[in-house]
Amino acid sequence: MLTEAKCSPGPGAGCIWPVWEIHPPHPGKAANRQRSTQAAAVMDRFRMLFQNLQSSSESVMNGICLLLAAVTVKMYSSFDFNCPCLARYNALYGLGLLLTPPLALFLCGLLVNRQSVVMVEEWRRPAGHRKKDLGIIRYMCSSVLQRALAAPMVWILLALLDGKCFVCAFSNSVDPEKFLDFANMTPSQVQLFLAKVPCKEDEMVKDSPARKAVSRYLRCLSQAIGWSITLLLIVVAFLARCLRPCFDQTVFLQRRYWSNYVDLEQKLFDETCCEHARDFAHRCVLHFFASMQSELRALGLHRGGIPESQELPEPPEDLDGGSGKAHLRAISSREQVDHLLSTWYSSKPPLDLAASPKLWRPGLNHRASIAAPGTKLCHQVDV
Amino acid sequence: MDKFRMIFQFLQSNQESFMNGICGIMALASAQIYSAFDFNCPCLPGYNVAYSMGILLTPPLVLFLLGLVMNNNISMLAEEWKRPAGRRAKDPAVLRYMFCSMAQRALIAPVVWVAVTLLDGKCFLCAFCTAVPVATLGNGSLVPGLPAAELARLLARVPCPEIYDGNWLLAREVAVRYLRCISQALGWSFVLLTTLLAFVVRSVRPCFTQAAFLKSKYWSHYIDIERKLFDETCTEHAKAFAKVCIQQFFEAMNHDLELGHTHGVLATAAATPVEADRTEEEREKLRGITDQGTMNKLLTSWHKCKPPLRLGQEAPLMGNGWAGIEPRPPRKEVATYFSKV
């Protein structure tokens, strides 16, 4: 049985997955204990899996990339291709289907990747105490783009190797002189015929050897183009991987380290803010109860009093049981939190832990506008 | 779940065993791609050979390069090849071993593709249908009367049953059977040859330079593991750096707010013993590297001047590489000596 003995975010798990500490309610209840240990084991496994997945963001991104590619394959195979077989619409439909889903998948790939947001934030933030390195932003951009391009390429290659899109789009552009069967037809008849080539069941072209020849020719071309593009991509990827260490390896190592750092820092900051929000909420609620209690007591003094035994315990000073989060508890009003968050954006601390904080302490000019906790912000003190 | 994780960890522990897994998957994928691929012979005289040879040779090339690209060792090989020697000599035997091992694994999927293609027979049929000996298999007497172009056009349609119109010259079934037969014979010979070659290489190799081979294998594994551990240590360091940075940020905020208040109603940021311990733990993980410049210098010197493969000597990182003929006096003694002076 789960009891809310304590609720604190587990290490590294962020605030999405709070760790409920499980205590058996009574020592004597063996069945409950067994169930609770089983539940604990299951939760523990899920938590470990989740942590493993989140531990390295590169492997998470690779996993997402592969997942998106698998989804693309599934989407393509379940999509019901339906060529209109009309002169002007064929090219539109065929090319539209060849290019629009890849665009959507590319945008999906960018959306799903957390690092694209981190990159844009790093690009747009004011320099503050930490200068910006465009090389890191470029590294993150190329890494994000490479992963986002995987699923669109899978779609395009599948479409080309399958051939239906190509046949539909280019059936009207075929040169009729390549095929002897068109010698007896007028040009307009030929165009009509060619437009119907993608539709096997149409009355006009059913069982026609000319249709089969044209279709076969176009599919052949489509597959050849598909394989050529695949080969080209692979050769480019291979050369990029092989030749990269020949250029600027040290700069690459530095950029990789710092882009990983930026990502980790953002994640840790979010986690710290989550912890703080939880702490803040907890104290807020306890203060509310305590103030309600003192109000009632004040009323009770006029009406006959509340027995002393019903007094609520004072909110304990050391809420987290000694886990030591004094630096979080100091920020304790809405204005202070807003100020902290806006300072984090506008003026990130420098990448030098040994430097004296006096040199870069944020917001020395804005102190006056921050109110003390518990009081209303009723006036502003001019600096 | 545990077993799955153990298997996964085992496969990932060593790049070689991981690549073995990837190889197997790619070989299966290669067979699957072939069966899913819709072979589409153009049945036109000039295009048949080009199409078939393309299908026989391009996907194996793609699979080979893919096998190399997916192997992390390729960039490791390139790095090891291009790095400055620094304090660690480069061993060409290790590089050769790495390259051979990568190439061997990457060759498996292409071999599977070629074998499956030949055993299936469609590719071979499409490529060589115009070269069928009509005189022996069909109506040889009608051949001289036909112009070569017409013969080629007729025979090119053999792979396409729905448009073949040369039954009067040569029964389609006969030609198909003949060509498939040859294709399968070639396919099985190819499989036998590659298996024999692999077997010979594997069994005969210990007869030559086994000691050198063991050394190369060891050092190639070492380089792989060292690189992985370096990346992991860098990630740990980055995490600790970020934690301390954020904590300092919050503390600075807190300090700032304290100075701005006359009431002093805030909980003071006096570090509890637990908090001090935590901070110390994180700082220890930083191993003394606490700013951007030092970290960049560390990364530069990791590439430019890798440490020598000799443990147990505290040679300074930026120093001139004291070779260490005599044991160096421990630092404590040096310090007390100077302090006496």
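The values are calculated or read from the model by the stated rules, or taken from the named source; none is laboratory data. What you are looking at is a predicted structure, and each value in this text was computed from that prediction instead of being measured. Cβ sites come from the backbone with ideal geometry, for glycine too, and all protein chains shown count toward neighbours.
Details
- Subset of the range B:251-275 [closer than 24 Å to A:Tyr261 by Cα and at pLDDT below 80]: B:Glu275
- Filter result (within 17 Å of B:Gln104 (Cβ to Cβ) and of a type in the set (A, V, I, L, M, F, W, C)) within the range B:20-68: B:Ile22, B:Cys23, B:Ile25, B:Met26, B:Ala27, B:Leu61, B:Leu63, B:Phe64, B:Leu65, B:Leu66, B:Leu68
- Unique residue being under 30 Å from A:Leu253 (Cβ atoms) and modelled with pLDDT under 95 when the list is B:Glu173, B:Glu162, B:Glu226: B:Glu226
- Per the conditions (1) more than 12 Å from chain A (Cβ to nearest Cβ); (2) touching a helix residue (DSSP H, G or I) at 6+ places or on another chain (Cβ under 8 Å); (3) at pLDDT 85 or above, the sole criterion not satisfied by B:Pro42 is (1).
- The residue that is nearest to the other protein chains (Cβ to nearest Cβ), among those in the range B:158-198 that are in a loop (DSSP other than H, G, I, E, B) and without any contact (Cβ under 8 Å) to a residue 12 or more places away in the chain, is B:Glu162.
- Test for A:Val154: is it within 12 Å of chain B (Cβ to nearest Cβ), of a type in the set (Val, Ile, Thr) and over 23 Å from A:Thr250 (Cβ atoms): no
- Among the residues listed as A:Ala281, A:Ala240, A:Ala213, the single one being more than 10 Å from chain B (Cβ to nearest Cβ) and assigned to a helix (DSSP H, G or I): A:Ala281
- Filtering B:Pro327, B:Pro316, B:Pro307 for residues that are more than 9 Å from chain A (Cβ to nearest Cβ) and at pLDDT 80 or above leaves a single hit, B:Pro307.
- When the range B:71-97 is limited to residues that are of a type in the set (A, V, I, L, M), surrounded by 17 or more Cβ atoms within 10 Å (Cβ to Cβ) and in contact (Cβ under 8 Å) with a residue 12 or more places away in the chain, the one that is farthest from the other protein chains (Cβ to nearest Cβ) turns out to be B:Val94.
- Breaking point among (1) loosely packed, with under 12 Cβ neighbours inside 10 Å; (2) at pLDDT below 85; (3) more than 47 Å from the chain's Cα centre (by Cα), for A:Glu314: (3)
- Residue within the range A:130-141 that is outside any helix (DSSP H, G or I) and over 30 Å from A:Trp258 (Cα atoms) present: no
- Matching residues in the range A:252-275 - criterion: being of a type in the set (Asp, Glu) and either touching a residue at least 60 places away in the same chain (Cβ under 8 Å) or more than 8 Å from chain B (Cβ to nearest Cβ) (or both): A:Asp263, A:Asp270, A:Glu271, A:Glu275
- Subset tally (residues that are of a type in the set (A, V, I, L, M, F, W, C) and farther than 13 Å from A:Leu157 by Cα) for the range A:92-106: 6
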